[in-house]
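Asks: Provided herewith is a single structure, encoded as structure tokens, for subsequent inquiry.
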Amino acid sequence: MVFSAPSCLKLSVMKCLIKTFLMGTYILAQTPADSLFRNPDTTPFQKLFLYPIAKWQNISYANDALNCQFHPSCSNYGAQAITNNGVIMGLIMTSDRIVRCNPSAYDAHKDMNGFFHPDGRLKDPILLKRKLAQTRSPLLAATLSMAVPGLGRVYSGRVMDGAFGFLLTALFVNAAAHSIEKKSVFAPILGSAAITIYSGEVYGAYRTAKYYHP
């Protein structure tokens, strides 16, 4: 079958229009973070950090391989934490959640008799109302992670979380130190990220001893 030049041109234009439509649908897709971003009560400073979360959700929601094992997902958890608790505390809480979202999360969740969403995901809301026997001291856990990031989680029985927390903190602290030494323009960003993740470890250790221990 032979196509004439006008037919080929029409076909190319049609393909271009279809791609443009699909791309527009992708860009304008509504996600939970989009709703929070567009909320009139959300401050411009909060929107600055919600924007990348919304864009990430545009990608992750379209790919089953990127589904999170938690409910709410880490991106939704972060968006809610920033919206409800402010940027600084929200980022610290998000850092803690990211550390806990590792391959040991399912077994650790079962050990603490955690709740599950109907679709099988691990229920882990921002506000926890569980009343657990205090077999570990939250204050001691926080103090241990202040001295050695991740150690407080290990003390609370979450060894894998502690290892991930230590590695993530070490990675960002090392990157920040190198950037400061080289007087890089990224030094303030990496320095702020390192402080946030370190603070997330201290906060995470306290919260682990209070809510997440076996």
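Asks: Assess whether Asn85 counts as being surrounded by fewer than 21 Cβ atoms within 10 Å (Cβ to Cβ), of a type outside the set (A, V, I, L, M, F, W, C) and within 21 Å of the chain's Cα centre (by Cα).
Replies: Details: surrounded by fewer than 21 Cβ atoms within 10 Å (Cβ to Cβ): yes; of a type outside the set (A, V, I, L, M, F, W, C): yes; within 21 Å of the chain's Cα centre (by Cα): yes.
When the stated conditions are applied, Asn85 passes them.
Asks: Could you identify the single residue in Leu128, Leu139, Leu144 that is under 22 Å from Ser75 (Cβ atoms) and aliphatic (A, V, I, L, M)? Step through it out loud before you land on a result.
Replies: Details: Leu139 fails: under 22 Å from Ser75 (Cβ atoms); Leu144 fails: under 22 Å from Ser75 (Cβ atoms).
Being under 22 Å from Ser75 (Cβ atoms) and aliphatic (A, V, I, L, M) holds for just one of Leu128, Leu139, Leu144, which is Leu128.
Asks: Right, next: Of the residues that sit in segment 114-128 and are out of contact with any strand residue (DSSP E or B) (no Cβ under 7 Å at 6 or more places or on another chain) and within 17 Å of Tyr203 (Cα to Cα), which one is modelled with the lowest pLDDT?
Replies: As a first pass, look at segment 114-128 and keep what is out of contact with any strand residue (DSSP E or B) (no Cβ under 7 Å at 6 or more places or on another chain): 118-120, 125-128.
Restricting the remaining residues to those that are within 17 Å of Tyr203 (Cα to Cα) gives 125-128.
On the way: Pro125: 94, Ile126: 92, Leu127: 90, Leu128: 85.
Among them, the one singled out is Leu128.
Asks: So, Tyr211, is that one in contact (Cβ under 8 Å) with a residue 60 or more places away in the chain and open to solvent by less than 40 Å² (accessible area, probe 1.4 Å) or not? Outline the logic, then answer.
Replies: Numbers: in contact (Cβ under 8 Å) with a residue 60 or more places away in the chain: yes; open to solvent by less than 40 Å² (accessible area, probe 1.4 Å): yes.
Yes.
Asks: Across segment 71-81, what is the number of residues that are open to solvent by less than 10 Å² (accessible area, probe 1.4 Å) and farther than 23 Å from Met146 by Cα?
Replies: 2
Asks: Conditions first: (1) modelled with pLDDT of 95 or more; (2) in contact with a Lys or Arg (Cβ under 9 Å, 6 or more places away or on another chain). Arg97 passes all but one, so which condition is the exception?
Replies: Checking Arg97 against (1) modelled with pLDDT of 95 or more; (2) in contact with a Lys or Arg (Cβ under 9 Å, 6 or more places away or on another chain), the one that fails is (2).
Asks: Further, regarding this structure: Could you tell me which residue of segment 54-70 is farthest from Arg121 (Cα to Cα), considering only residues that are part of a helix (DSSP H, G or I) and open to solvent by 30 Å² or more (accessible area, probe 1.4 Å)?
Replies: Here is the first cut: in segment 54-70, the residues part of a helix (DSSP H, G or I) are 54-60, 64-66.
Of the ones still in play, those that are also open to solvent by 30 Å² or more (accessible area, probe 1.4 Å) are 55-56, 59, 64-66.
On the way: Lys55: 23, Trp56: 20, Ile59: 20, Asp64: 14, Ala65: 14, Leu66: 13 Å.
The selected residue is Lys55.
Asks: Would you check if Tyr203 is within 25 Å of Ala79 (Cα to Cα) and either among the small types (Gly, Ala, Ser) or open to solvent by 40 Å² or more (accessible area, probe 1.4 Å) (or both)? Give the steps one after another, and end with the answer.
Replies: Details: within 25 Å of Ala79 (Cα to Cα): yes; either among the small types (Gly, Ala, Ser) or open to solvent by 40 Å² or more (accessible area, probe 1.4 Å) (or both): yes.
In short, yes.
Asks: Of all residues in segment 89-113, which are closer than 27 Å to Tyr198 by Cβ and free of Cβ contacts under 8 Å to residues at least 12 places away in the same chain?
Replies: Result: Met89, Asp107.
The values are calculated or read from the model by the stated rules, or taken from the named source; none is laboratory data. Everything numeric here is computed off the predicted structure, so don't read it as measured data. Ideal geometry is used to build each Cβ from the backbone, glycine not excepted, and the neighbour counts take in all protein chains shown. Please note that ligands, DNA and RNA were not included when accessible areas were found on the heavy atoms of the full protein model with its side chains. Shrake-Rupley method; radii C 1.70, N 1.55, O 1.52, S 1.80 Å.
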